[in-house]
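A.B. asks: Below are the structure tokens for one structure; questions will follow.
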Amino acid sequence: MVAKTLAGKGDATESLNLFTRKLIDKINNLKFLAYIDKDGYPRIIPVIQSQAAGTTRLIFAASVYHVDLQAIPQNAPVAFFCMSFEMQTVLVRGVYQGISSIGGIECGSIDVNWVYSPMPPKSEQVYPKPKLEPVTIF
């Protein structure tokens, strides 16, 4: 949480809306980071300590699962899943920026480029907003 205040706010693009940021910032929600390793197998790492750093970036302490986080190549595509105990969920994709020091705290970060809401009543892509097209095939 300390690193979050020092991480900056990002740019004017809002890939993470207010609801998504609040869901991710809640410290007791379940959060996981996934990537494909060099052997082609998916790897999933718990990152419960994740926080939204502005509207375009996620950060998390690298002190937990440090070895696993260091194994992720910098600029690798990653997926991030967050779920609350009220069954609110969000799926985020982005680019892993590696581990860096923010205010003396080692943190991993993800630059967000895609957000999906799998929740009812309508599961849909949230960011970037899909282009609206007329229905032509019934």
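Nothing in this text is a laboratory measurement; each read-out follows from the coordinates by a stated rule. As the structure is a prediction and not an experimental result, all values here were calculated from the model. Using ideal geometry, Cβ is built from the backbone for each residue, glycine included, and neighbour counts are taken over all protein chains shown.
A.B. asks: Taking the structure as given and computing mean projected area of the Cα convex hull in nm², which label from (i) 10.0; (ii) 10.6; (iii) 7.7 fits?
C.D. replies: (i)
A.B. asks: Count the lysine pairs in the chain whose Cα atoms lie under 22 Å apart, taking only pairs 8 or more positions apart in sequence or on different chains.
C.D. replies: So the count works out to 12.
A.B. asks: Remind me, relative contact order of the chain in percent, using alpha carbon pairs under 8 angstrom and six or more residues apart?
C.D. replies: 23
A.B. asks: If we sort 116-123, 88-95 on the protection proxy, mean other Cβ atoms within 10 Å, highest first, what's the order?
C.D. replies: Working: 116-123: 11.1, 88-95: 19.4.
Top to bottom by mean Cβ count within 10 Å: 88-95, 116-123.
A.B. asks: Moving on to the next point. I need the phi-derived Karplus couplings for segment 18-33: 6.51 cos²θ - 1.76 cosθ + 1.60, θ = phi - 60°, integer Hz, Gly and Pro marked x.
C.D. replies: 4, 4, 5, 4, 5, 5, 5, 6, 5, 5, 9, 7, 7, 9, 9, 10
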